[in-house]
Amino acid sequence: MGGDVDLTATDFDAVMGHAVAVADAPASVFAAELIEAYLEAKVVLNYRRDVDAWHKSASNTLSRAQHHWPLFLLSCLDKECFWSWHLYVRFMWPGLF
């Protein structure tokens with residue numbers, strides 16, 4: 001990538017607005033940065049006994065979006081759908097796995 005970037009609470013606040021909690025894939029991508037930016041935050045970790053079974057389940061449900069043509073079409077027509085589609089399908093999901 002392009003190098004190290006220090007993200008602050010101010011940076012996250014600009015994106016997350018009034019949110020008081022984050023969860024799931026978007027938060028996990030920035031977990032270390034969020035923990036460092038919000039030192040007083042509580043962090044809940046979820047443990048999976050069988051990571052391979054979880055990955056198979058997630059791949060059969062969450063990552064199927066990349067094969068869903070109506071979502072792709074919507075991503076071409078709306079900027080929020082564009083970023084949701086392309087960021088998730090092209091970067092976040094492959095980056096996590």
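The values are calculated or read from the model by the stated rules, or taken from the named source; none is laboratory data. Model, not experiment: these values are computed from the prediction. With ideal geometry, Cβ positions are generated from the backbone for all residues, glycine too; neighbour counts draw on all protein chains shown. To get the accessible areas, we keep the full protein, side chains included, count just its heavy atoms, and leave off ligands, DNA and RNA. Shrake-Rupley method; radii C 1.70, N 1.55, O 1.52, S 1.80 Å.
Observations on the structure shown:
- Furthest towards positive pole of dipole, 55, 19, 32, structure part the chain, Cβ charges: 55
- Taking the convex hull of Cα positions in the chain, its mean projected area over all directions (nm²): 7.9
- In terms of the mean number of neighbouring beta-carbon atoms within 10 Å, the peptides 34-45, 81-92 order highest first as 81-92, 34-45.
- Average accessible surface area per residue within the chain, 1.4 Å rolling probe, Å²: 86
- For the chain: relative contact order, % (alpha-carbon pairs under 8 angstrom, 6 or more apart): 23
- Share of carbon and sulfur in the accessible heavy-atom surface of the chain [1.4 Å probe, %]: 62
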